[in-house]
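**Q** What follows is a structure written as C-alpha cells; I'll ask about it next.
The values are calculated or read from the model by the stated rules, or taken from the named source; none is laboratory data. Model, not experiment: these values are computed from the prediction. Cβ coordinates were reconstructed from backbone atoms using ideal geometry, including for glycine residues, and neighbour counts include every protein chain displayed.
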Amino acid sequence: MSAHLRKRSLILSGHDTSVALEPEFWQVLEDMARDHNQPLPVLVAQLDTERRPVQSLASFLRVQALLWLQKQSAAQGSDAAT
C-alpha cells in the first residue's frame, strides 16, 4: 500500500473538513459511492452520521471501506457458488 496520504476537503454538517487517506482507500470509497449512485461527498457525509464522536473520520472511513470490500467479496463468493 502507498505510504503517502491524499487529503480531500469536504463539507460535513455545514463545516469544512479535511480528511487524509491513502489513495487506495479513496479509490474504494469512490467505488462505494458509485455503487450507491451518489457523489463521494454525499457518501462521506452519510457515513459521518453513523460515526461515534470519539472515532476519527479517517479511521472510520478506512473501516467502512474494508467492511464494504468484505461484503463485496462475500457476495462474489456466494454468486460463484450458485
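**Q** Contact list please: Cβ distance under 9 Å, first residue in segment 2-14 and within 10 Å of W26 (Cβ to Cβ) and at pLDDT 90 or above, second residue β-branched (V, I, T) and not in a strand (DSSP E or B), pairs at least six apart or on different chains.
**A** Once the first residue is within 10 Å of W26 (Cβ to Cβ) and at pLDDT 90 or above and sits in segment 2-14, its partners that are β-branched (V, I, T) and not in a strand (DSSP E or B) give R8/V44.
**Q** Shifting gears a bit: Answer yes or no as to whether Q46 is in contact with a helix residue (DSSP H, G or I) (Cβ under 9 Å, 6 or more places away or on another chain), polar (S, T, N, Q) and loosely packed, with under 15 Cβ neighbours inside 10 Å.
**A** Numbers: in contact with a helix residue (DSSP H, G or I) (Cβ under 9 Å, 6 or more places away or on another chain): no; polar (S, T, N, Q): yes; loosely packed, with under 15 Cβ neighbours inside 10 Å: yes.
Against the criterion (in contact with a helix residue (DSSP H, G or I) (Cβ under 9 Å, 6 or more places away or on another chain), polar (S, T, N, Q) and loosely packed, with under 15 Cβ neighbours inside 10 Å), Q46 does not qualify.
**Q** Which residues, taken from segment 49-60, are out of contact with any helix residue (DSSP H, G or I) (no Cβ under 6 Å at 6 or more places or on another chain) and in a loop (DSSP other than H, G, I, E, B)?
**A** Taking segment 49-60 as the starting set, the residues that turn out to be out of contact with any helix residue (DSSP H, G or I) (no Cβ under 6 Å at 6 or more places or on another chain) are 49-50, 52-60.
Once the filter is applied, which keeps residues that are out of contact with any helix residue (DSSP H, G or I) (no Cβ under 6 Å at 6 or more places or on another chain) and in a loop (DSSP other than H, G, I, E, B), segment 49-60 yields T49, E50, R52, P53, V54, Q55, S56.
**Q** Sticking with this structure for a sec: For segment 17-37, name all the residues that are of a type in the set (S, T, N, Q), touching a helix residue (DSSP H, G or I) at 6+ places or on another chain (Cβ under 8 Å) and assigned to a loop (DSSP other than H, G, I, E, B).
**A** Here is the first cut: in segment 17-37, the residues of a type in the set (S, T, N, Q) are 17-18, 27, 37.
Adding the requirement that they be touching a helix residue (DSSP H, G or I) at 6+ places or on another chain (Cβ under 8 Å) leaves 17.
None; the set is empty.
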